[in-house]
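Peer 1: Pasting a structure here, questions to come.
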Ligand code: CP
């Protein structure tokens, strides 16, 4: 039997990982500690718990970091990753039940997912939202269809509503730099962008941050603040884990004293499904860019972004190219966080 050098997070064993909300705050903290210990101990820290085993990586959408870090995480654990591009090398997949499949989809997830489960030991899936109807996107239809029909654990590689692997790396990066996360002053700030983007990254960052007990400020122009449903859910998480949630449309208070500035653009909740109306509305907020001048107001704050990032739109070169930016470490930590995750799920 394999002997592991690091204690795994047993709560994850054999389970889907669709959101960090699948874990308690203390289980999340244990996973972050495991990821940090694994990073420190080096490539072979976990041994080869995936030897002879496979991880399917199903991509409906493009990726640089998620694809590469999952392939390498699987390889460093002794396993074989199987990346699949849906519609480009595989058949187009249908996920809705009861449809007449006379369109572009050749295969239904009801067959494809259990078939994959006969070959591999876990399935990662990336499936962005349609961005037409927030209530519909909140059902996370593709991710949940995979989870329903899979006989092996499903790992969310960014769905309509969540990007939990990114959130693991995000919180790991803050913990690596600052130590204890409780009551840290963290700001998630909306940034201008030429495209209307999903809510997955900010949703998962806010959730994981509040699960970790930070004091989180979400700063955005009015139409980009989270809606009542999201705020109620996040406030509950804050109350359980000892942190606080604040919302503001004022950048000054959002930057003042912050230890972390996490920038991201996302779709307006008020204009969701109306791309042109959203783009028109945000014309008044093109100066919502993270600049060195704004960073001066922070408490020696670090700049974070999940990447890819648009330079001099979301963030100024002077920030991204400075010591303030931790985005490369943040991206590296995807690898370490996912090794801890895969080992805990599959070992
Ligand atoms: N941050 C992130 O998920 O990057 P990719 O879209 O390149 O995978």
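Any read-out appearing in this document is the output of simple, stated calculations on the displayed coordinates, not a laboratory observation. Values in this document were obtained by computation on a predicted structure and should not be read as measured data. Note that we place each Cβ from the backbone using ideal geometry, even for glycine, and neighbour counts take in every protein chain shown.
Peer 1: If you count, for each residue, the other Cβ atoms within 10 Å and average over each peptide, how do 299-311, 205-217 line up from highest to lowest?
Peer 2: Working: 299-311: 18.3, 205-217: 25.5.
Order by mean packing, descending: 205-217, 299-311.
Peer 1: Given axes a ≥ b ≥ c from the Cα gyration tensor, I'd like to know whether the range 166-330 is rounded (a/c under 1.5), prolate (a/b larger than b/c) or oblate. Display every interim value, and only then the final one.
Peer 2: Details: a/c = 1.66, a/b = 1.13, b/c = 1.47.
Since a/c reaches 1.5 but b/c is at least a/b, the shape of the range 166-330 is classed as oblate.
Peer 1: With each label point set 7 Å from Cα along the Cα-Cβ vector, what nm distance links residue 92 and residue 10?
Peer 2: Simple spin-label model gives 4.8 nm for this pair.
Peer 1: Only counting other Cβ atoms within 10 Å, I'd like 171, 72 sorted with the fewest neighbours first. List each step's numbers first, then the result.
Peer 2: Working: 171 27, 72 16.
Result, fewest neighbours first: 72, 171.
Peer 1: Let a ≥ b ≥ c be the square roots of the eigenvalues of the Cα gyration tensor of the chain; is it rounded (a/c under 1.5), or, if not, prolate (a/b larger than b/c) or oblate? Working shown, then result.
Peer 2: On the way: a/c = 1.82, a/b = 1.22, b/c = 1.49.
Oblate shape, in that a/c is at least 1.5 and b/c is the bigger or equal ratio.
Peer 1: Still on this structure, I have one more. Assuming R0 = 41 Å, what is the FRET efficiency of residue 247 and residue 72, from their Cβ-Cβ distance, to the nearest 0.05? Display every interim value, and only then the final one.
Peer 2: Details: r = 38 Å, r/R0 = 0.92.
The calculated FRET efficiency here is 0.65.
Peer 1: State the extension gain, in nm to one decimal, for the chain segment bounded by residue 180 and residue 286, taking 0.36 nm per residue of separation less the distance between their alpha-carbons. Write out the running numbers ahead of the final one.
Peer 2: Working: separation 106, 0.36 × 106 = 38.16 nm, distance 3.49 nm.
Contour length minus Cα-Cα distance gives 34.7 nm.
Peer 1: How many angstrom lie between the C-alpha centres of the range 238-303 and the range 105-170?
Peer 2: If we compute the Cα centre of each part, the gap is 28 Å.
Peer 1: Sort the range 112-184 into rounded, prolate or oblate with this rule: let a ≥ b ≥ c be the square roots of the eigenvalues of the Cα gyration tensor; rounded if a/c is under 1.5, and if a/c is not under 1.5, prolate when a/b is larger than b/c, oblate otherwise. Don't skip to the end; give the middle numbers.
Peer 2: Details: a/c = 3.49, a/b = 1.52, b/c = 2.30.
It comes out oblate by the Cα gyration axes.
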